[in-house]
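Take a look at the structure below.
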Amino acid sequence: MKKGFLLTALGAACWGFSGTCGQYLFMHVHISSSYLTTMSMLIAGGVLMIITFINSREMLKRLIQNKRDLLQLFIFAIGGLAFSQWTYLTAISYSNAATATVLQYLYPTLLVILTCLKDHRFPQSIEVLCIVLATLGTFVLATHGHLDSLNISMQGLLWGILAAIAA
């Protein structure tokens with residue numbers, strides 16, 4: 001339990017750090033979010049493949065031999081991980097790491113709405129409260145409370161919402 005908690009906290013810290021690093025690279029090195037996504041995914045995937053090859057060679061061999069599992073892994077890698085990372089980094093490039101992260105973390109709100117639609121039910125009162133607070137917080141973040149203007153670029157807002165959908 002402790003190990004799981006520590007690894008989760010470490011993962012969240014690394015995620016936050018990567019967003020800040022991405023923002024720095026966009027501002028000072030002028031690389032694209034597509035390039036950064038591609039490089040980070042290739043390097044991370046390569047490292048994970050090496051670790052898996054060293055520690056779980058038989059499991060890796062079974063994965064490569066099972067075409068269905070390999071296809072599912074590929075779809076998840078591209079449609080899940082890469083798309084999520086790309087939309088998040090693109091949101092950072094049009095806004096900043098903090099704003100993009102707040103926008104991406106609207107995904108639990110989207111999950112509640114989709115779950116209610118799937119289950120043909122209305123949200124519980126606590127779910128409604130969470131949806132209202134998340135939406136209100138996003139509104140304040142995007143407009144600073146002024147109905148007539150956005151505090152962030154429209155591209156930053158749209159990519160941030162796409163990042164929430166991708167998550």
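The values are calculated or read from the model by the stated rules, or taken from the named source; none is laboratory data. It should be emphasised that the depicted structure is a prediction, and the values quoted were computed from it without experimental measurement. Positions of Cβ are generated from backbone atoms using ideal geometry, with glycine treated the same way; all protein chains shown enter the neighbour counts. Ligands, DNA and RNA are excluded from the accessible area calculation, which covers all protein heavy atoms including side chains. Shrake-Rupley method; radii C 1.70, N 1.55, O 1.52, S 1.80 Å.
Numerical summary
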| item | result |
| --- | --- |
| Heavy-atom accessible area per residue - the chain, 1.4 Å, Å² | 70 Å² |
| Solvent-accessible surface (1.4 angstrom probe) belonging to Cys116, in square angstrom, nearest 10 | 10 Å² |
| Calculated [θ] (222 nm, deg cm²/dmol) that DSSP helices of n ≥ 4 give over the chain, each run adding -39,500 (n - 2.57) | -25000 deg cm²/dmol |
| Area of Phe74 that stays accessible when all protein chains are in place (1.4 Å probe, Å², to 10) | 130 Å² |
| Additional length obtainable on full extension of the chain from His144 to Asp69, 0.36 nm per residue less Cα span | 22.3 nm |
| Accessible surface, 1.4 Å probe, highest first, among residues Tyr35, Tyr107 | Tyr35, Tyr107 |
| Kyte-Doolittle mean at least -1.0 and Cα axial length at least 24 Å: DSSP H helices in the chain | 2-24, 33-55, 125-143 |
| Shape category assigned to segment 86-167 from the gyration tensor of Cα positions, a/c cut at 1.5 | oblate |
| By accessible area with a 1.4 Å probe, ligands and nucleic acids excluded, highest first: order of Arg121, Arg62 | Arg62, Arg121 |
| Largest to smallest accessible area among Trp159, Trp86 [probe 1.4 Å] | Trp86, Trp159 |
| Cα shape, segment 1-46, gyration tensor, a/c 1.5 rule | oblate |
| With all protein chains modelled, accessible area of His144 [1.4 Å, Å²] | 120 Å² |
| Potential extension, Thr115-Thr52 segment - 0.36 nm per residue separation minus Cα distance | 19.2 nm |
| Part-to-part distance (alpha-carbon centres) for segment 150-167 and segment 35-63, which is given in Å | 30 Å |
| Alpha carbon convex hull of the chain, projected area averaged over orientations, nm² | 13.1 nm² |
| Dipole magnitude (debye, nearest 20) for the chain, charges at Cβ of Lys, Arg, Asp, Glu | 700 debye |
| Apportionment of accessible area to carbon and sulfur, the chain, percent (1.4 Å) | 73 percent |
| Positive dipole terminus of segment 10-167, leading residue within Gly22, Ala164, Tyr35 (C-beta point charges) | Tyr35 |
| Potential extension, Phe5-Lys61 segment - 0.36 nm per residue separation minus Cα distance | 17.1 nm |
